[in-house]
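For reference, the structure discussed in these notes is given below.
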Amino acid sequence: MVRMSAEERRESVIRAAIAEFAQNGYHGTSTDAIAKRVGVSQPYLFRLFPGKKAIFLAAAERCLEDMRRTFEEAAGDLKGEEALHAMAEAYNVLLAKEPERLQMQLQTYVAVAAAEADGDHEFGEMVRRGWMELWDTVHLPLGADIAETTTFMAFGMLVNTLTAMGFPPEHRVWSGLYDSAKTKRVAHH
């Protein structure tokens, strides 16, 4: 059996953390559950990350970065409406293939709100920084138009909410969204 490097283990921890935090939230997830999912001891987990908060931040940061990269790759050299539809379609494919990404995103917003309410701004600073990178990534392909960028991001948050609530793709609540923003379902076999 080939031993994993610390960096490979760290990647495994981030993937496991996304799955665990997505399902159970920050407060409902134990570091023991993450360690078990990866197949490492808790002490080893804490050699890779200083604590649960650091693990959560790494998982949240990964989700934001993956989303940013999804938009960047989808837009490519496209501009305006072509870029908008390519990015919307790519985001929907990402959510359909990896629903835990949406759950993690929503858990991140909950964790930020709770931390901010407690006077802890570290969560919020990282998430706001990642959000602004996401904003900037979609802003240029959309013609650096603030209204277009705001509308795109607002539609994205509506897609998140409707998807999280389980509205089926044929429901009338989706009818006001452009086709590329409408939810996609992936058959699970």
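The values are calculated or read from the model by the stated rules, or taken from the named source; none is laboratory data. Note that the structure is a prediction, hence the values are computed from the model and not measured. A quick note on method: Cβ atoms are made from the backbone with ideal geometry, for glycine too, and the neighbour counts reach across all protein chains shown. Quick note on the areas: whole protein, heavy atoms, side chains included, nothing else; ligands and nucleic acids left out. Shrake-Rupley method; radii C 1.70, N 1.55, O 1.52, S 1.80 Å.
For region 72-85, which positions are open to solvent by 90 Å² or more (accessible area, probe 1.4 Å) and either under 20 Å from the mean Cα position of the chain (by Cα) or under 20 Å from GLN107 (Cα atoms) (or both)? Working first, answer last.
As a first pass, look at region 72-85 and keep what is open to solvent by 90 Å² or more (accessible area, probe 1.4 Å): 72-73, 77, 79, 81-82.
Those that are open to solvent by 90 Å² or more (accessible area, probe 1.4 Å) and either under 20 Å from the mean Cα position of the chain (by Cα) or under 20 Å from GLN107 (Cα atoms) (or both): GLU72, GLU73.
For region 114-134, which positions are in a helix (DSSP H, G or I) and open to solvent by less than 60 Å² (accessible area, probe 1.4 Å)?
Here is the first cut: in region 114-134, the ones in a helix (DSSP H, G or I) are 114-117, 122-134.
Correct list: ALA114, ALA115, GLU116, PHE123, GLY124, MET126, VAL127, GLY130, LEU134.
Looking at (1) farther than 17 Å from THR108 by Cβ; (2) part of a helix (DSSP H, G or I); (3) in contact with a Lys or Arg (Cβ under 9 Å, 6 or more places away or on another chain), which is the one condition that is false for VAL40?
Just one mismatch for VAL40, condition (2).
LEU78 is checked against (1) outside any helix (DSSP H, G or I); (2) without any contact (Cβ under 8 Å) to a residue 60 or more places away in the chain; (3) under 18 Å from PRO141 (Cβ atoms) and fails just one. What number does that condition carry?
Status for LEU78: all satisfied but (2).
Each row is one residue, and each column tells you yes or no for (1) among the β-branched types (Val, Ile, Thr); (2) under 25 Å from ALA154 (Cα atoms).
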residue: GLU7; (1), (2): no, no
residue: ARG10; (1), (2): no, no
residue: VAL38; (1), (2): yes, no
residue: ALA59; (1), (2): no, yes
residue: GLU89; (1), (2): no, yes
residue: VAL112; (1), (2): yes, yes
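Any residue at all in region 23-34 that is modelled with pLDDT of 95 or more and not in a helix (DSSP H, G or I)?
Yes: one or more hits.
Output yes when any residue across region 53-71 is more than 15 Å from the chain's Cα centre (by Cα) and touching a residue at least 24 places away in the same chain (Cβ under 8 Å), and no when none is. Spell out the reasoning first.
We begin by selecting, within region 53-71, every residue more than 15 Å from the chain's Cα centre (by Cα); these are 53-54.
Those left that are additionally touching a residue at least 24 places away in the same chain (Cβ under 8 Å): 53.
So far as region 53-71 goes, yes, one or more of its residues are more than 15 Å from the chain's Cα centre (by Cα) and touching a residue at least 24 places away in the same chain (Cβ under 8 Å).
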